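First comes the structure, then the notes that go with it.
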Amino acid sequence: MEFFSEIHSRYFYIISEILKVAFQEDLSGKDIGGIVAALGFAETAVTLPAKLLNANKEGYYILKEQSARYTPVLKGDPPLLLTEYQKRWIKAIVKDKRFSLFADESQCNDYERLLADIEPLYDSQHFINVDMANDGDDYENPEYRRIFKVIMQGIQENKIILVTYESGKGNRLSAYFAPYKLEYSSKDDKFRLCGVRVRQGRMRSLYKLNLSRIRSVEVMEYNRPENLASYIKRLRMPLPVEIEITNERNGFERIFTQLSNFERVSEYDENTGKCLMKIYYYEVDEMELLITLLSFGPVIKVIGPDCFKEQLVGRIARQKQLFTMTDERIDSE
Amino acid sequence: MAGFTELIKNFDKIRDYTREFFVYGYKCRNDYTRKSGRSYDNERRRIESYLAGYIKWETNSRGKNLFISTDTSDLSENPLFSMWEAKSFTKNDCLLHFCLPDILKKNPGLTAKDVTSILSEEYLSCFNDYEMLDVMTVRNKLNEYTMAGLFSTQKNGKTLHYSMNETLFDQVTPDAVNSLLLAVQFFENVVPAGVLGYFIRRDKGKREDVFSFRHIFMSHTLDDEVVITIAQAIAGKKTIRFENYSLRSKAPSVETVLPLKIVTNVKHGRRFLITYNLRQRRLFSYRLDYMKNLTVVEESSMHDTKLTDLTEKLPFSWGVAFGKKAQLEQVEVMLHIDELTEEYVLKRVKREGKNGSVEKVGKHTFLYRIEVFDTMEMVPWLRTFIGRIISIKGSNKTVIQRFIDDSKRMASFYEM
C-alpha cells in the first residue's frame with residue numbers, strides 16, 4: 001500500500017459521514033449536497049453529490065433511492081479502518097517518551113501489549129535534530145507530567161487556572177490565567193502555556209510561560225472568558241515588520257523557508273530583483289523575530305515599522321562600535 | 001479547462017507546486033518554468049480547492065500571485081495534510097471500500113466467491129443499472145486491503161478466507177481512546193508521517209484544539225513518503241537510489257547511496273539525508289525536498305562501519321557538513337554579556353552553543369570556543385549575537401572576514 005491512498009481520501013471520509021447520518025434518517029439530495037459542501041474541498045460539491053445520487057449511471061451505488069429519499073445499501077455504520085501503516089505509526093508514538101504526558105501507566109501498558117506484534121513505523125534513532133537547544137523539557141519528571149495534565153484539563157474543560165511560576169531570576173508569581181493553548185517548540189523541545197492573565201475578571205495581556213518553570217497549577221471553577229481567542233487575535237502587533245530580501249546566497253529560499261512559521265505577504269519587484277515581505281507577529285514573539293532577522297545577515301534590510309527597526313539598528317550600531325573599538329585596540333598594540 | 005478533475009493519481013504532481021505556494025508565496029504563473037502554463041493552471045486550481053480558507057492571492061503588475069499564509073501558532077492542525085486526501089479512485093474502488101468491511105463484519109471467514117455473491121444479491125440487486133462485479137475484481141480488492149492491514153486471511157486448502165481485523169480502539173477503555181487521540185493531535189504535528197495520525201482523528205471525529213506549535217515547518221509533510229521509505233531503508237541497512245533535483249544543477253542527477261541519518265534543522269526548516277556516497281566514497285548530505293523517484297536497492301555490509309564513522313563525527317558538525325578530524329576549524333567569539341541583567345543571553349549561548357565551551361574572561365566578558373567541520377554553518381547563529389561580539393577569530397579566515405564584512409554591510413544599509 002502506498003501512503004497516498006484512496007483509503008484515506010477526503011471523498012471516502014465524506015461518504016462515510018453521509019452513511020452514518022443516513023442510518024439515522026433517510027436523506028434528500030439537498031441534505032447530501034449540504035454535507036458534501038460542509039466537509040469537502042472547495043470544488044467537491046460540483047461532482048460528488050451527483051455520483052452519490054447515482055445520476056447518469058455513473059454513481060457509486062452506496063445509497064439507494066425511494067421517493068427521492070436516500071438510504072444506505074450497507075447493513076451498519078461504516079467501521080473505523082486502521083491500516084497497518086497507521087498501527088505502526090501509533091506504535092512509534094507510544095514508544096516516544098512524550099507519550100506518557102497523555103496516558104497513564106496502565107493505558108501505556110495496554111497500548112504496548114496490544115501493539116506488541118507491530119513494528120514501529122520508524123525508529124527515532126534514525127533521526128537527528130540540529131540547531132536545537134540542549135535543555136529540552138524533562139518529560140519523564142512526574143511533577144512535570146502532572147502539571148501538563150492539569151493545564152490540559154483546564155483547556156479542555158474551558159476553565160481558569162491558578163498558576164505559580166518561577167522566573168529565570170527565581171522570583172515567584174501566582175496568578176489566574178485563562179489557558180489558551182499548550183504551545184510546543186520543536187527548536188527548544190519545550191512546552192509553554194500560552195494564556196491570558198486574568199485579574200478581577202478582566203483579561204490582562206498575553207503570556208507564554210515555560211512549563212518547566214511552573215511550580216504548581218490548579219483548575220478553578222470559573223470558566224474561561226468566551227472571547228479569549230478574539231482577545232488574543234487583537235493583541236497581534238498593529239503593524240507588520242516589513243523587510244526587503246535579495247536573492248544573494250540563495251536568500252529567497254533560505255528566508256522564505258525559515259519564516260514560513262509566520263503569517264506573511266510577499267511581493268517580488270522585477271525591476272530591483274528584490275522581494276518585499278510583511279511579517280505579522282505578536283509582541284511576545286518580537287525578540288525572537290528580531291534575532292531571526294539578524295541571523296539572515298546582509299541578505300535582508302528592515303524597512304519598518306520604526307519601533308522595530310530602531311531595535312535592530314541599535315544592535316547593528318552597537319556591533320559596529322564594538323568592532324571599531326577592537327580594531328583600535330589592535331592598532332594601538 | 002475541460003476534463004478538470006479535483007482528485008489526482010500521483011502525489012508528486014502537486015508536491016512541488018504546494019511547496020512553492022506555501023514557502024515562497026510571491027511567484028506568478030510565469031515564474032513556474034519547469035512545466036507548461038496549462039499544468040500550472042490545473043495544479044493551482046486543485047491546490048486552491050484543497051486549501052480553501054488558507055489560500056490567499058494578490059494581483060500586482062506581474063499578475064496573480066497565490067500564497068498560503070498561516071501563523072502556525074494559531075493552528076492546531078496542518079492544513080497541508082489535505083493534500084494527502086486527494087487520491088483519485090474508481091467507482092468500484094468506492095463500492096468495495098464500503099461494502100467489503102460491511103459484509104465481512106457480519107460474516108467473517110468468507111471466500112472471495114462468497115463475498116461476490118453477497119455483494120450481488122444483498123447490495124446491488126436493488127439497482128437496475130449496475131454492472132455486477134466479477135470474482136477477480138473482488139478478490140483483488142480483498143487482497144489489497146489485506147496487504148493494507150485492514151483484513152486478515154486464513155487458508156483452507158487452496159482457498160483464502162477473509163475477515164476484518166479487530167480495531168485497536170475496540171480493545172481499550174474510552175478513557176484510553178481519548179488519551180490516545182489527544183496524543184495524536186500533538187504527535188501528528190511533530191513526528192514523521194503525522195498525516196497518518198490526522199486521518200485517525202478525522203475518522204474518529206475528534207477535532208480538539210489544545211496545542212499550538214512554534215518552529216514547525218508544515219511543508220515537511222509533503223516529503224513524508226520519502227522520509228518513511230528512507231527510514232525503512234536505514235532500518236534494513238539498505239542502499240537507495242533517487243533522482244536529485246538540486247536547485248544548483250539544471251538536470252536531475254541519479255544517486256545511489258547508503259542512507260545513515262535523517263536530519264532536520266529545526267531552526268531553518270531544511271531537512272537532509274546524511275549518506276555514505278558509494279561513488280564518491282565519503283559522507284554526503286542531500287536535501288529531502290529535492291528527492292524524487294526513490295527506490296530501495298539492496299542490503300549493504302558497510303552500514304555499521306559508516307554509521308560508526310558518522311557517529312564519531314556528529315559532535316563536530318554544526319549542521320550537516322563532515323570532513324576529517326584533522327581538518328576541524330577553530331572558532332573563538334568574545335561576547336559582552338552583563339551576567340546580572342542579561343543572564344538569559346549567557347544561558348542561550350550554553351543551550352544553543354553545542355559542545356562549545358564558555359568561559360568568563362573579564363567583567364561582562366565571556367569567551368565562547370568551539371571546533372567544527374565548517375564554520376560557515378554556524379554563521380547564522382553567531383549573527384544572533386550581533387551587538388555583543390567584542391571580537392571573532394577562527395582558523396577559517398575567509399568565513400571570519402566575511403562575517404566582519406557582512407556586519408559592516410548591514411550597518412551601511414542603515415547609513416551608519
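Derivation of every value follows stated rules applied to the coordinates shown; laboratory data play no part. These figures come from a predicted structure and were not determined experimentally. Cβ: placed from backbone, ideal geometry, glycine included. Neighbour counts: every protein chain shown.
Some values worked out for this structure:
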read-out: Kirkwood Rh in Å, taken over all unlike Cα pairs in the protein assembly as shown; value: 28.7 Å
read-out: Charge dipole of chain B about the Cα centre (unit charges at C-beta), most positive-ward option of B:112, B:89, B:356; value: B:356
read-out: Environment charge at residue B:246 (Cβ cut-off 12 Å; Lys +1, Arg +1, Asp -1, Glu -1); value: 0
read-out: Neighbour-limited loop hits for chymotrypsin sites (Phe, Trp or Tyr not before Pro), the range B:123-200 (at most 16 other Cβ within 10 Å; DSSP other than H, G, I, E, B); value: B:127
read-out: GluC sites (Glu not before Pro) within the range B:296-339: DSSP coil, no more than 16 neighbouring Cβ in 10 Å; value: B:339
read-out: Counted charge near residue A:163, where neighbours are those whose Cβ lies closer than 11 Å (Asp, Glu -1; Lys, Arg +1); value: +2
read-out: Residue-by-residue Karplus 3J(HN,Hα) for the range A:190-203, coefficients 6.51, -1.76, 1.60, Hz, glycine and proline x; value: 9, 9, 10, 7, 9, x, 10, 6, 10, 10, 6, x, 10, 7
read-out: Residue pairs, from the table A:91/B:105; A:149/A:233; B:13/B:141; B:13/B:292, whose Cα atoms sit over 19 Å apart; value: A:91/B:105; A:149/A:233; B:13/B:141
read-out: Loop trypsin sites (Lys or Arg not before Pro), the range B:285-379 (other Cβ atoms within 10 Å of the site Cβ: 14 or fewer; DSSP); value: B:324, B:363
read-out: Sequence-distant residues sharing a close amide H with residue B:387 (under 5 Å, placed H); value: A:319
read-out: For residue B:149, residues with placed amide H under 5 Å, excluding near neighbours; value: A:84
read-out: Rounded to whole Hz, the Karplus (6.51, -1.76, 1.60) HN-Hα couplings of the range B:245-257, x for glycine and proline; value: 9, 6, 5, 6, 10, 6, 10, x, 10, 9, 10, 10, 9
read-out: Whole-angstrom gap from the range A:191-217 to the range A:269-295, using each part's C-alpha centre; value: 27 Å
read-out: Compactness relative to 2.2 N^0.38 Å, alpha carbon Rg of the range A:84-126; value: 1.08
read-out: Options B:317, B:132, A:185, ranked by Cα towards positive dipole end of the protein assembly as shown, top entry (Cβ charges); value: B:317
read-out: Chain A, relative contact order [Cα under 8 Å, separation at least 6], %; value: 10 percent
read-out: For residue A:70, distant residues with modelled amide H under 5 Å away; value: A:27, A:28
read-out: Paired Rg and Dmax values of the range B:328-413, which use every Cα atom, in angstrom; value: 12.6, 35
read-out: Whole-Hz ³J(HN,Hα) from phi, Karplus 6.51 cos²θ - 1.76 cosθ + 1.60, for the range A:255-261, glycine and proline x; value: 6, 5, 5, 5, 8, 5, 6
read-out: Helix-only CD estimate at 222 nm, as mean residue ellipticity for chain B, using -39500 (n - 2.57) per DSSP H run (n ≥ 4); value: -10000 deg cm²/dmol
read-out: Residue-count net charge about residue B:165 - beta-carbon cut-off 13 Å; Lys, Arg +1, Asp, Glu -1; value: -2
